[in-house]
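These notes concern the structure reproduced below.
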Amino acid sequence: MDSKNNLPQRKTDHIRINLENDVKSSLTNGLDGYHFVHQALPEIDLAQISLKTSLFGKPLAAPFQISSMTGGTSEALLLNQRLAAVAQEFGIAMGVGSQRAAIENCELEDSFRVRDIAPDILLFANLGAIQLNFGYSATTCQKAVDMIEADGLILHLNPLQEALQPQGETNFSGLAKEIEKVCRRVSVPVVVKEVGWGISEDAARMLVDAGVSAIDVAGAGGTSWSQVEMYRIDDPYQAQTAAVFRNWGIPTADSILAARRVSPNLPVIASGGIKDGVDAAKCLALGANLCGLAGQFLKAAAISVEDAQKTAIMLIQQMKIAMFSAGVSELSQLNAALLKKR
């Protein structure tokens with residue numbers, strides 16, 4: 001198990017590896033298998049297209065979330081500040097990275113705090129669900145929420161990543177019951193997400209039964225955390241073990257549909273290899289409520305806040321043009337009937 005002294009170094013390693021190495025899954029997100037029917041006569045005005053939506057009572061100007069990425073280091077503080085400024089400017093949601101480091105070392109709390117920069121955004125706290133089997137409780141989860149004045153709590157699931165990490169925490173037995181306790185006792189909605197290998201129909205059913213308020217499918221097709229861990233591992237044989245899981249997981253498109261089969265009404269956040277605003281529009285047509293992106297925002301924010309702003313502008317423009325070309329002016333009109341299988 002990582003000690004509290006090792007956690008900041010691990011966070012630094014994760015940022016560096018994501019920025020410097022090819023850590024993409026060898027699977028696609030599954031969205032290339034669908035296309036919108038082009039409407040040559042859309043009968044709408046592009047300028048009138050609205051991306052407004054809401055989640056958990058918080059208004060959003062566009063259905064995007066800057067997915068949970070980082071925190072716990074000085075570099076992470078700068079990244080989170082830049083990302084929060086973009087989320088505030090464009091009215092989109094944001095999640096911080098796992099707050100375990102700050103739970104175990106209060107000196108690191110400031111690297112997660114962004115409310116002064118983004119007072120109005122839908123903001124998510126974040127902890128690893130596996131920690132509920134290693135001493136964390138609903139009280140710990142509430143502390144993470146209160147630490148950053150969050151509107152919701154993300155509990156992330158990463159069994160494959162834990163299995164590949166030296167001294168990873170792999171006792172996932174009975175974890176659904178622990179998640180249920182948190183859902184009953186914390187003061188904010190609980191979102192459970194994968195970290196990039198997708199949520200199956202069976203997993204979605206267990207999460208619905210546990211009382212989660214939303215599921216972030218975080219499917220395969222984007223960052224492969226087995227690849228990230230491969231670059232962190234010194235032992236060549238252990239690194240080889242990690243390497244074989246590059247094509248593991250459930251593509252994002254399939255995972256959205258699986259979650260929707262289990263619950264037609266539970267909010268679904270689509271993340272995992274969302275490349276652009278067209279992908280995001282497809283996710284919403286398949287049944288998602290929100291689309292999370294991480295890699296694009298991380299790489300842009302590492303350069304400057306202006307680059308992160310341009311990323312948000314581009315995504316919003318791409319989604320609006322996709323909707324215009326499909327002949328719809330509101331998000332509620334995006335549905336599977338607009339998509340065709342290739």
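The values are calculated or read from the model by the stated rules, or taken from the named source; none is laboratory data. In this text the structure is predicted, and so the values were computed from the model without any measurement. Here the Cβ is made from the backbone with ideal geometry for all residues, glycine too, and neighbour counts use every protein chain on show.
Residues that are crowded, with 21+ Cβ neighbours inside 10 Å, in a loop (DSSP other than H, G, I, E, B) and touching a Ser or Thr at 6+ places or on another chain (Cβ under 8 Å) within region 164-208 comprise G196, G198, I199, listed in sequence order. Exactly one residue out of Q238, Q227 is buried (at least 18 other Cβ atoms within 10 Å of the Cβ), assigned to a helix (DSSP H, G or I) and at pLDDT below 95: that is Q227.
For every residue, the table says whether it meets (1) buried (at least 22 other Cβ atoms within 10 Å of the Cβ); (2) modelled with pLDDT of 85 or more.
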{"site": "K4", "(1), (2)": "no, no"}
{"site": "L41", "(1), (2)": "no, yes"}
{"site": "L46", "(1), (2)": "no, yes"}
{"site": "I49", "(1), (2)": "no, yes"}
{"site": "G57", "(1), (2)": "no, yes"}
{"site": "P63", "(1), (2)": "yes, yes"}
{"site": "S67", "(1), (2)": "yes, yes"}
{"site": "T70", "(1), (2)": "yes, yes"}
{"site": "E75", "(1), (2)": "no, yes"}
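Of the set (1) small (G, A, S); (2) within 23 Å of T12 (Cα to Cα); (3) part of a helix (DSSP H, G or I), all apply to A218 but (3).
Among the residues making up region 262-300, those that are at pLDDT 95 or above, assigned to a helix (DSSP H, G or I) and more than 19 Å from K340 (Cα to Cα) are V262, F297, A300. Scanning region 301-310 for residues that are under 23 Å from M323 (Cβ atoms) and at pLDDT below 95 gives no hits.
Of all residues in region 267-315, those satisfying the criterion of being among the β-branched types (V, I, T) and under 18 Å from L31 (Cβ atoms) are V268, I269, I274, V278. Please work out which residue is nearest to A312 (Cα to Cα), limiting yourself to region 48-62 and to residues that are out of contact with any helix residue (DSSP H, G or I) (no Cβ under 9 Å at 6 or more places or on another chain) and small (G, A, S). Among residues in region 48-62 that are out of contact with any helix residue (DSSP H, G or I) (no Cβ under 9 Å at 6 or more places or on another chain) and small (G, A, S), the one nearest to A312 (Cα to Cα) is S54. Scanning region 216-243 for residues that are of a type in the set (A, V, I, L, M) and out of contact with any Ser or Thr (no Cβ under 8 Å at 6 or more places or on another chain) yields V228, M230, I233, A239.
Given the criterion at pLDDT 95 or above and over 20 Å from N289 (Cα atoms), identify the matching residue among K193, K143.
Values: K193 fails: over 20 Å from N289 (Cα atoms).
Within the list K193, K143, the selection yields K143.
Here's a check for you: in region 301-319, which residue that is assigned to a helix (DSSP H, G or I) and of a type outside the set (A, V, I, L, M, F, W, C) is surrounded by the most Cβ atoms within 10 Å (Cβ to Cβ)? Working first, answer last.
Initially, region 301-319 is screened for residues assigned to a helix (DSSP H, G or I), giving 301-303, 305-319.
Applying the additional criterion that residues be of a type outside the set (A, V, I, L, M, F, W, C) yields 306-307, 309-311, 317-318.
Numbers: E306: 11, D307: 16, Q309: 17, K310: 14, T311: 21, Q317: 12, Q318: 17.
The residue in question is T311.
Does R246 fit the bill of being under 20 Å from S25 (Cβ atoms), over 13 Å from the mean Cα position of the chain (by Cα) and basic (K, R)? Yes; evaluated as a whole, the condition is true for this residue.
Kindly provide the set of residues from region 192-211 that are of a type in the set (V, I, T) and in contact with a Pro (Cβ under 8 Å, 6 or more places away or on another chain), ordered by number. Once the filter is applied, which keeps residues that are of a type in the set (V, I, T) and in contact with a Pro (Cβ under 8 Å, 6 or more places away or on another chain), region 192-211 yields nothing. No other residue among A280, A294, A270 is crowded, with 22+ Cβ neighbours inside 10 Å, out of contact with any Ser or Thr (no Cβ under 9 Å at 6 or more places or on another chain) and either of a type in the set (F, W, Y) or under 26 Å from V190 (Cβ atoms) (or both) apart from A280.
Of the strands (runs of 3 or more DSSP E) lying entirely inside region 58-154, the ones with 1 or more residues being within 26 Å of G273 (Cβ to Cβ), free of Cβ contacts under 8 Å to residues at least 40 places away in the same chain and touching a Leu at 6+ places or on another chain (Cβ under 9 Å) are found at 93-95, 123-128.
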